[in-house]
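Since the structure comes first, as C-alpha cells, the remarks are kept for the end.
The values are calculated or read from the model by the stated rules, or taken from the named source; none is laboratory data. The structure presented is a predicted model; accordingly, all values stated were derived computationally and were not measured. Using ideal geometry, Cβ is built from the backbone for each residue, glycine included, and neighbour counts are taken over all protein chains shown.
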C-alpha cells in the first residue's frame, strides 16, 4: 500500500505543478489583449456547458494528452530501441488519432492507463505485472461503462482552466477580481466548483436524440386515436 500512496502523492504533486502554470497562461492571455480573453472565456463556457457533445474533438484532445503521458512513462522501457523523445510523440499521435476516429477509445484508454499504474502498486500473488493487468482491465471496463461521465469531466476540467485563466488575466482591468491573485485558495475553489457544476450540467442535459425519438411514438398514438374516432 505504501507504493500506492506514493503514486497518489506523485499525482497530487504533478497536479499542483500544473496548477502553478495557470498564472503563466493568464499572463499570455493578458498580453493578447481583450479579444484573447473573451475567446478563452467563450471557449471555456462552451466546454463547461456542452463540451461532452464535441465527441471526437474532445476525445482526440484527451487521447493525445493521455498518449503523451503514457508514452513518456513507457520511454524507459524502450530505451536503447527508440530515441527518448519519440515515445511521447508516438503515443500522442496514435491515441489521439484513434480517439478521434472512435471516441470510445479515450475513456477505455484512460481507465487502462490509470488502472495499470494503480494496480502495479498492489501486486497480486507477488507480481506487480499481474496487479497492473487486473487493475488496467477493471478500470478500462469501468471507463467504457462511464464514457459519458469521463467525457463530461474532461470537458469540465478544460473549461474550468480556460475560465479561471481568463479571470486571472482580467484581474488587471477589474479590481474586484484582484482577490483571485491574492488568495489562490479562492481560485482553486472556484475551479473545483466549475468542474463539478459543469459535469453535473452536462450529465443532466437532455440529449436531443431522446426528444426526437419520442415524437414519432406520440404521433403514431394520435394517429391511431384519430382512426378509431373516424371508425
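Points worth noting:
- Only one entry in 159, 131 is buried (at least 20 other Cβ atoms within 10 Å of the Cβ) and either more than 25 Å from residue 191 (Cβ to Cβ) or out of contact with any helix residue (DSSP H, G or I) (no Cβ under 9 Å at 6 or more places or on another chain) (or both), namely 131.
- Which numbered condition residue 162 misses (of (1) over 23 Å from residue 198 (Cα atoms); (2) in contact (Cβ under 8 Å) with a residue 60 or more places away in the chain; (3) assigned to a helix (DSSP H, G or I)): (1)
- Selection of helices (runs of 4 or more DSSP H) fully inside the stretch 1-77 by the criterion of at least 3 residues being over 24 Å from residue 98 (Cβ atoms) and modelled with pLDDT of 85 or more returns 33-50.
- Here 122, 153 are screened, and the one residue that is modelled with pLDDT under 90 and in contact with a helix residue (DSSP H, G or I) (Cβ under 6 Å, 6 or more places away or on another chain) is 122.
- Those helices (runs of 4 or more DSSP H) of the stretch 86-153 in which at least 2 residues are touching a residue at least 60 places away in the same chain (Cβ under 8 Å), considering only elements entirely within it, cover 105-120.
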